[in-house]
Amino acid sequence: MKVITLLNEKGGVGKTTLATHIAAGLAVKGHRVILVDSDPQGHATVVLGLPKEPGIYNLLVREAPFKETMRIIPPEQYGIPGEQVTGQLCIVPSNIETRNIANSISDAFAVSDRLSELESFFDFVIFDTSPTPSLLHGSIYLATDYIIYPTKCEYLSFDGLVESIKHREAAQAHRDKWNLGPIEVMGIVPTMYRNQTIEHSENLKELRAQFGSLVWPPIHQRTIWAEAVTMRQPVFAIAPQTKAAVEALALVDRVQGAAVHV
Ligand SMILES: Nc1ncnc2c1ncn2[C@@H]1O[C@H](COP(=O)(O)OP(=O)(O)OP(=O)(O)O)[C@@H](O)[C@H]1O
Ligand SMILES: [Mg+2]
């Protein structure tokens, strides 16, 4: 079981969009996936068509059994029309109560301990995170194998990225004490990219100069992404032939490959 966390301490850069598409895409491609919504906004929960609920709060604070907190997403919600979904997608939902988790748990290993129960049931755990760092992020860092950083090619998103990298390094020091291995940065994904703007193309060059091959192909800004949210489905479920869907599925392939080879 591989744990992949989507993180950037800048809001609105595409964390939830990528977390939900990676989770759904991996399930489409035959994997057993659980998406954990760890943001009090509960947006990953909502974009997959479910009501906000205190799933992660109940799991970590009330120590509820997984089977009571997780929800199965029906394949019709996220599959590619005409193709059979061979994997499975579950979600641990979130709501505003998630804000109270950090003050209610004292054990930094709370997330790792609960995830260890899932080892033989899932291939991937995908975390969507809040833009605001908290002690819950600290507990997620201890449970994470790989991080994906979505970022817009804009100054404040880069600032969020730099802050996120600093906090990962601090968390790594904590992991080292417990002989946990390094968190691998799987990739930095430029999101909502507009290549006709000098601002975006110059910033993408700068990102590549700094991080080299860690920078993955950009996901372009397109209206279909907002339409998919309105329909509570991934882009490849509502319009599989579009460029957005092709980019989303290429991202999923890349995640799948990186999780195997790193
Ligand atoms: N490639 C894209 N083209 C156009 N709109 C996009 C694209 N990707 C994401 N969006 C839209 O941008 C908005 C912000 O995306 P998202 O909610 O995924 O960001 P986030 O990082 O999770 O935000 P937060 O920090 O608030 O959790 C959403 O309305 C989403 O539909
Ligand atoms: Mg979000």
- So how do Glu97, Glu9, Glu202 line up by other beta-carbon neighbours within 10 Å, fewest first? Glu202, Glu97, Glu9
- Positive minus negative residues near Val92 (Lys, Arg vs Asp, Glu; Cβ under 15 Å): -3
- Shape of region 107-241 from its Cα gyration tensor (a ≥ b ≥ c, root eigenvalues): rounded if a/c is under 1.5, otherwise prolate when a/b > b/c, or oblate? oblate
- List His174, His43, His220 from most exposed to least, where exposure is judged by having the fewest other Cβ atoms within 10 Å. His174, His220, His43
- Note on the structure: Phi angles of region 87-102, converted by Karplus (6.51 cos²θ - 1.76 cosθ + 1.60, θ = phi - 60°) into ³J(HN,Hα) in whole Hz with x for Gly and Pro, give x, 8, 10, 10, 9, 9, x, 9, 7, 4, 4, 4, 4, 8, 4, 4
- Message: What distance in nm lies between label points placed 7 Å from Cα along the C-beta direction at Trp178 and Ile96?
- Response: 3.1
- Residues Arg194, Arg254 in order from fewest to most other beta-carbon atoms within 10 Å are Arg194, Arg254
- Inter-probe distance in nm under a simple model that places probes 7 Å from Cα toward Cβ, at Ala64 and Ala250: 4.0
- Message: Taking 0.36 nm per residue of sequence separation and subtracting the Cα-Cα distance, how much length would be gained by fully extending the chain between Leu156 and Ala226, in nm to one decimal?
- Response: 23.0 nm
- Message: Once R0 is set to 25 Å, what does the formula 1/(1 + (r/R0)^6) return for the Cβ-Cβ distance between Glu163 and Glu199, expressed as a FRET efficiency to the nearest 0.05?
- Response: 0.75
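Only the coordinates and a few stated rules stand behind these numbers; no lab work does. On a predicted model such as this, the values are computed, not experimentally measured, just so you know. Cβ: placed from backbone, ideal geometry, glycine included. Neighbour counts: every protein chain shown.
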